[in-house]
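The values are calculated or read from the model by the stated rules, or taken from the named source; none is laboratory data. In this text, all values refer to a predicted model and were calculated from it rather than measured experimentally. Please note: Cβ atoms are built from the backbone with ideal geometry, for glycine as well, and neighbour counts cover all protein chains shown. For accessibility, only protein heavy atoms count, side chains too; no ligands or nucleic acids. Shrake-Rupley method; radii C 1.70, N 1.55, O 1.52, S 1.80 Å.
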Amino acid sequence: MIPYFVPEMPHSSKLIPYLRSMDDTRWYSNFGPLHNDFTLRLANEVLNGLDADRLTLVSSGTSAIELALRSLNIKAGSRVLAPNFTFPATVQAILCAGLLPLLSDVDPHSWVLTPKLAHQLVKAHRDIAVVVPVAAFGVPLPAEEWSEFTKSTGVPVVIDAAPALGNQTIDDACFYAFSLHATKPISAGEGGIVVSPSPEHAERVRRMSNFGIGPDRRIGSFGTNSKLSEYHCAVGLAQLDDLVASRAIRRRLVNQYLSMLMSSSLNIKLQAGVESSIPSSLFVVLPDMDGDYVAAALAHEGVDTRRLYAPLNSEMPGFTSHVETTCETHIARGLAGCGLALPLYNTLTTSQIVQVGKALNRIIGGMQNIEVS
């Protein structure tokens, strides 16, 4: 069986120098030396020299979204516009922030909530307090367009870029939430990052991640405990040591997949922009096919897949009484119904990619002369 995913985490030997530094300092959590080093390296090596004071490291990508939302001090129960086609963590973070998810449809080509769609929905639903667009499968969102959206409407934007670290560009007007989970191409095993519009707002998020404790040790605002430990920072630092090589491998694998799929005669749709980024998941849409059927057939052929973002969040039993939808989200429903994610991880081989292609050919039909360069 070709597994859907194999985490690429640093070998224990590469962690030893960082763990020894923890032994020397006896600092294991609460914004220690490794936390500070990891923050600086993320800002410089991954986020193109962004001001490190705008970054807050937190315990998960979900807590990153929640803290960004809570830091806005929006009235409880306010509506938050988000796409229906996303991982449930997006919705859970909105709910945990005490807000009401208003779930929308997505663009048929990029599979995301776009600024154009958001403008239309903000006009139709004038009580929308925040917008949370999602960088689906790690393909980045247009940062400048979302910045213009928030400037023109006055509606804050928290970009759920959980799987897009290393791809997503940053603008000054929006918040960005990234994940450092073990399933992400850049990982600390677990964790998240909040990028705030300013260092001042980042300091507010940082305090909220530490119970809301201010410099005088008093609780200045309602917070939680979502700090990132020195242990996780050690893992993240070790992974950054090999980041360039790791991303090059993943880019090559994605290119091989895309070359195979785009040269075939199979009716397979790919996400707009996937060819110019390094996605966290290679999601494909098979029009007029049942995703569950194809996933089961591929499993029979020895290929494991995932039905990501399915069922839609509006159909999750735990959410049905806690969310609203803007209208019939038919594009999102179609993507969820006939899409699935193919195996993608750095130890995947060319021969395994060919095997996936041949399995798709046998199931769907029409693929001729598969070639992988």
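Please list 79-87, 311-319 highest first by mean number of surrounding beta-carbon atoms within 10 Å per residue.
Per-residue Cβ counts within 10 Å, averaged per peptide and sorted highest first, yield 79-87, 311-319.
On a 24 Å Cα-Cα criterion, which of the cross-link pairs LYS14/LYS184; LYS116/LYS227; LYS116/LYS151; LYS151/LYS184; LYS123/LYS151 come out too long?
LYS116/LYS227; LYS151/LYS184
Give the Rg (one decimal place) followed by the Dmax (whole number) of the stretch 231-284, computed from C-alpha coordinates and expressed in Å.
14.6, 48
Would you please name the chymotrypsin sites (Phe, Trp or Tyr not before Pro) within the stretch 1-69 that are DSSP coil residues with at most 13 other C-beta atoms within 10 Å of their C-beta?
Numbers: sites: TYR4, PHE5, TYR18, TRP27, TYR28, PHE31, PHE38; in loops: TYR4, PHE5, TRP27, TYR28, PHE31.
Sparse-neighbourhood loop chymotrypsin sites (Phe, Trp or Tyr not before Pro): TYR28.
Relative contact order of the stretch 71-171, please, whole-number percent, based on alpha carbon pairs below 8 angstrom and at least 6 residues apart.
Reported as a whole number, the value is 27 percent.
For the stretch 234-249, take each phi angle, set θ = phi - 60°, evaluate the Karplus expression 6.51 cos²θ - 1.76 cosθ + 1.60, and give the result in whole Hz per residue in order, putting x for glycine and proline.
Using θ = phi - 60°, the values come out as 4, 5, x, 5, 5, 6, 4, 4, 10, 5, 4, 5, 5, 5, 5, 5 Hz.
Pairs of alpha-carbon atoms within less than 8 angstrom and 6+ residues apart define the contacts here; what relative contact order does the stretch 284-355 have, in percent?
46 percent
Report, in deg cm²/dmol and to the nearest 500, the calculated mean residue ellipticity at 222 nm for the chain, where each DSSP H run with n ≥ 4 adds -39500 (n - 2.57) and the sum is divided by the residue count.
-11500 deg cm²/dmol
Could you give the length gained on full extension between LYS116 and ALA76, defined as 0.36 nm per residue of separation minus the Cα-Cα distance, in nm?
Value of the extension gain: 11.7 nm.
Provide the solvent-accessible area of MET9, counting protein heavy atoms only and rolling a 1.4 Å probe, rounded to the nearest 10 Å².
Rounded to the nearest 10, the figure is 70 Å².
Straight distance only, please: which aspartates and glutamates reach the Cα of LYS75 with their own Cα at less than 18 Å, same-chain residues fewer than 8 apart left out?
Within the straight-line cut-off, LYS75 pairs with GLU66, ASP127, GLU324.
What's the carbon and sulfur percent of the stretch 38-127's accessible surface, probe 1.4 angstrom, rounded to a whole number?
52 percent
In whole percent, how big is the carbon plus sulfur part of the accessible area of the stretch 175-320, probe 1.4 Å, protein atoms only?
Here it works out to 53 percent.
Classify the stretch 179-269 as rounded, prolate or oblate, taking a ≥ b ≥ c as the square roots of the eigenvalues of its Cα gyration tensor: rounded when a/c is under 1.5, otherwise prolate if a/b is larger than b/c and oblate if not.
The shape class here is prolate.
Peptides 121-134, 187-200: what's the order by average Cβ count within 10 Å, highest mean first? Don't skip to the end; give the middle numbers.
On the way: 121-134: 18.5, 187-200: 21.8.
Result, highest mean Cβ count within 10 Å first: 187-200, 121-134.
Taking the highest mean first, how do the peptides 268-276, 329-337 order by number of other beta carbon atoms within 10 angstrom per residue?
Descending packing order for the listed peptides: 329-337, 268-276.
Rounded, prolate or oblate: which fits the stretch 47-153 when a ≥ b ≥ c are the square roots of the eigenvalues of the alpha-carbon gyration tensor, with rounded for a/c under 1.5 and prolate only if a/b beats b/c?
rounded
Let me check against my output: what whole-number percent is the relative contact order of the chain, with C-alpha pairs under 8 Å and at least 6 apart?
23 percent
What shape does the stretch 128-252 take by its C-alpha gyration tensor, where a ≥ b ≥ c are the square roots of the eigenvalues and a/c under 1.5 counts as rounded, a/b above b/c as prolate, and the rest as oblate?
Judged from the Cα gyration tensor, the stretch 128-252 comes out oblate (a/c at least 1.5, b/c at or above a/b).
Hey, got a sec? Which trypsin sites (Lys or Arg not before Pro) in the stretch 1-49 land in a DSSP loop and have at most 11 other Cβ atoms within 10 Å? Walk me through the numbers on the way to the answer.
Working: sites: LYS14, ARG20, ARG26, ARG41; in loops: ARG26.
Sparse-neighbourhood loop trypsin sites (Lys or Arg not before Pro): ARG26.
Give the label of the value calculated from the structure for mean projected area of the Cα convex hull in nm², choosing from (1) 24.5; (2) 16.9; (3) 18.6.
Answer by label: (3).
Counting only DSSP beta bridges with both residues in the chain, tell me the antiparallel percent, nearest 5.
55 percent
Distance in nm between label sites at ILE219 and VAL244, each 7 Å beyond Cα in the beta-carbon direction?
Going from the ILE219 label point to the VAL244 one covers 4.8 nm.
Dividing the convex hull volume of the Cα atoms of the stretch 218-373 by its residue count, what figure in Å³ per residue is obtained?
Residue-normalised Cα hull volume stands at 193 Å³.
Counting heavy atoms of the protein chains only and a 1.4 Å probe, report the per residue accessible area for the chain as a whole number of Å².
42 Å²
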